[in-house]
Amino acid sequence: TRGTLGEYRLEMILEQILAPEQYQRDVVTKPGSRENVEFAILIPSKDAENTTLWLPVDSKFPQDRYQTMLDAYDSGDANRIDAAVKDLERAIKGQAKDIRDKYVNPPLTTDFAIMFLPFEGLYAEVVKRPDLFESLQRDFKVNVVGPSTFAAFVHSLQMGFRTLAIQKRTSEVWSVLGAVKTEFGKFGTVLDGVHRNLEAAGTKILQASQRSRAIERKLRGVE
């Protein structure tokens, strides 16, 4: 149940921000392995159109240890708190190692993975311990995120994807804009004709209307 809860919250964030083709569930990142990462974000390549690079994202929720730590805080017993915190740190490191060993596999994946903690309180306990946070990144190649920080992270990825898409298709954009310029030139010529020959205004206005629709079609291509 705990695993399903974390996976559900993770999927909700991905669904709200990314398009369906930008991520997949249950991805095998190591050929021949039976281990599937819960979700993997497809990172587009700037140079190679067909290169698939996955960013593994896995949710973890060590609820028992987290609850034990909260109970220790309530008790006010310093020794109990210290033991509970160390136990939680061991659990988080163990899960980070599990993610690294199962899912991080450059060049098919990024050289790091994301550990999603489904509750802000649990994420805060990790973040407020710099040594633990840095160890997860340095030793296990895992970045820890909570719900709000993961949403911000995915938003930043989405902006990067859009920029990359524009960079890849710059020549097409310029081609469309060039065609629009040509259409405007024709449009101006038609209007000049209307001005010069009012008797044929009906025919010329019809041509202008047709050119206007052609311009609209070209501009939709820019979008």
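The values are calculated or read from the model by the stated rules, or taken from the named source; none is laboratory data. Quick caveat: nothing in here was measured; it's all calculated off a predicted structure. Glycine gets a Cβ as well: all are built from the backbone with ideal geometry, and neighbour counts include every protein chain shown. Accessible surface areas use protein heavy atoms only, side chains included; no ligands, DNA or RNA. Shrake-Rupley method; radii C 1.70, N 1.55, O 1.52, S 1.80 Å.
Numerical summary
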| read-out | value |
| --- | --- |
| Share of carbon and sulfur in the accessible heavy-atom surface of region 33-126 [1.4 Å probe, %] | 47 percent |
| For region 1-156: accessible area per residue (Å², 1.4 Å) | 53 Å² |
| Simple label model, 7 Å out from Cα along Cβ direction - Ala78 to Leu53, nm | 4.9 nm |
